[in-house]
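Working notes, beginning with the structure itself.
The values are calculated or read from the model by the stated rules, or taken from the named source; none is laboratory data. Here the structure is a predicted model, which is why all the values come from computation and not from measurement. Ideal geometry is used to build each Cβ from the backbone, glycine not excepted, and the neighbour counts take in all protein chains shown. We work out accessible area using only protein heavy atoms, side chains counted, and drop any ligands, DNA or RNA first. Shrake-Rupley method; radii C 1.70, N 1.55, O 1.52, S 1.80 Å.
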Amino acid sequence: MTQTRPCEGFCQTCPDPQEVAYILEPRGFSLHFQLNSQHSYNLPDLPAQYHYRDAQGTEVIFLAGKDHPEPGTRFPAHQSRWWVFCGSSHFTFNLVAQELASHWGIAWVGDHARAEQSIA
């Protein structure tokens, strides 16, 4: 099944950003944006963000730490949060989502999780 909607996932571990780069770079991804963690007195801390992109426009966003939901919403227990966005290659999109899930046990939520269940 071809999945094109962005997939969002939660992980029980928080890998080192260098390990994430080590996995993604051989697959053609490079870091194109990084934001250090943000601390505020009034709001929950925001984890560091790492945005990777390949030549086909596929994007992986990795939040290196717990993310906090907006009031009225809930997130599963997690130590890091992830997104994968499709570029021009559906194959790459699905492959990287499956490889990330396999490597770190990322639990994809929403449509991508249903697509993965229908493949299995």
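Just to confirm a number: summing +1 for Lys and Arg and -1 for Asp and Glu over residues other than Pro76 whose beta-carbon lies under 13 angstrom from that of Pro76, what do you get?
+1
Quick check for you: with a 1.4 Å probe and neighbouring chains kept, what is the accessible area per residue of the range 14-109, in Å²?
59
Ranked from the most accessible area to the least, with a 1.4 Å probe and all protein chains present, what is the order of Cys86, Cys11? Kindly include the intermediate steps, with their values, before the conclusion.
Numbers: Cys86 35, Cys11 0 Å².
Correct descending sequence by accessible area is Cys86, Cys11.
With the radius of gyration and the Kirkwood radius both derived from the Cα set of the chain, what is their ratio Rg to Rh?
0.96
May I ask you to derive the FRET efficiency for Ala55 and Gln79 from their Cβ-Cβ distance with R0 = 22 Å, giving the value to the nearest 0.05?
0.15
For the chain, which whole-number percentage of the solvent-accessible area (1.4 Å probe, protein heavy atoms only) is attributable to carbon and sulfur atoms?
Carbon-and-sulfur percentage of accessible area, whole number: 52.
So which residue, out of Gln56, Gln12, Gln38, gets the largest mean-square fluctuation from a GNM of the chain using Cα contacts under 10 Å as springs?
Ranking Gln56, Gln12, Gln38 by mean-square fluctuation puts Gln38 first.
For His39 and Thr13 in one chain, what is 0.36 nm times their gap in residues minus the Cα-Cα distance, to one decimal in nm?
7.2 nm
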